[in-house]
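The values are calculated or read from the model by the stated rules, or taken from the named source; none is laboratory data. Because the structure is predicted, anything quoted here is derived from the model rather than measured. FYI the Cβ positions are ideal-geometry reconstructions off the backbone, even for glycines, and counts take in every protein chain you see.
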């Protein structure tokens, strides 16, 4: 897998917030992000650069960091666009590691993960992944109808709305209002955030 970076930290978003994880950030993403003019991980967008690791190498590094039964987060970029995505997942799970995939939902998966997080970068009707453990939408002022469309389209255990972090701040108050409005409409969204940025950790 071509990797932008690897690091050991805490998951800062969604249901698994606070969980220690070994993060593997895939290099390359073909999705044009509508959320920010400048991606918050621009170094991971191109399919050139980074370092290439064999699946077993990445699994061994993860195991050394989090131990048996620990968590690996495959994020990006877009991990599913990597040719050896399934091989990396299988190498991790064969070492008794649990895998959290963070994906835009624009491409079908060819491997079974332990926790799938869909963070959509396209309208609901364009998503290929229609079932996940959690749906996490970054809020930039989308209409309630747009957010409800994600709720109707993706079957998930948990639905989250997250402020958009820009230049050290975020639209927290507006996101909270949108969460309350969604719940009044019957869509059980909860608030999450990039808590790791508030804590000042990677």
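Suppose the filter is modelled with pLDDT under 95 and either farther than 17 Å from residue 192 by Cβ or out of contact with any strand residue (DSSP E or B) (no Cβ under 7 Å at 6 or more places or on another chain) (or both); does residue 145 pass it? Step through it out loud before you land on a result.
Numbers: modelled with pLDDT under 95: no; either farther than 17 Å from residue 192 by Cβ or out of contact with any strand residue (DSSP E or B) (no Cβ under 7 Å at 6 or more places or on another chain) (or both): yes.
So residue 145 does not fit the description; no.
For the range 90-105, residues that are touching a strand residue (DSSP E or B) at 6+ places or on another chain (Cβ under 9 Å) and either in a loop (DSSP other than H, G, I, E, B) or without any contact (Cβ under 8 Å) to a residue 60 or more places away in the chain (or both) total 10.
Looking at this structure, is residue 157 surrounded by fewer than 21 Cβ atoms within 10 Å (Cβ to Cβ) and in a strand (DSSP E or B)? So that I can check it myself, show each step before the final result.
On the way: surrounded by fewer than 21 Cβ atoms within 10 Å (Cβ to Cβ): yes; in a strand (DSSP E or B): yes.
In short, yes.
Quick one: in the range 97-110, which of the residues that are modelled with pLDDT of 95 or more and in contact with a helix residue (DSSP H, G or I) (Cβ under 6 Å, 6 or more places away or on another chain) is farthest from residue 121 (Cα to Cα)? The qualifying residue farthest from residue 121 (Cα to Cα) is 97. For the range 106-119, residues that are part of a loop (DSSP other than H, G, I, E, B) and more than 17 Å from residue 162 (Cα to Cα) total 9. Of the residues 57, 11, the single one that is closer than 19 Å to residue 100 by Cβ and either modelled with pLDDT of 95 or more or out of contact with any helix residue (DSSP H, G or I) (no Cβ under 7 Å at 6 or more places or on another chain) (or both) is 11.
Scanning the range 120-146 for residues that are closer than 20 Å to residue 191 by Cβ and part of a loop (DSSP other than H, G, I, E, B) turns up 120, 140, 141, 142, 143.
I'd like to check something: does the range 64-73 contain any residue that is assigned to a helix (DSSP H, G or I), at pLDDT 95 or above and crowded, with 23+ Cβ neighbours inside 10 Å?
Here is the first cut: in the range 64-73, the residues assigned to a helix (DSSP H, G or I) are 64-66.
Okay, now just the ones that are also at pLDDT 95 or above, so 64-66.
Next cut, crowded, with 23+ Cβ neighbours inside 10 Å only: none.
No, because not a single residue in the range 64-73 is assigned to a helix (DSSP H, G or I), at pLDDT 95 or above and crowded, with 23+ Cβ neighbours inside 10 Å.
The single condition among (1) surrounded by fewer than 23 Cβ atoms within 10 Å (Cβ to Cβ); (2) touching a strand residue (DSSP E or B) at 6+ places or on another chain (Cβ under 6 Å) that residue 112 does not meet is (2).
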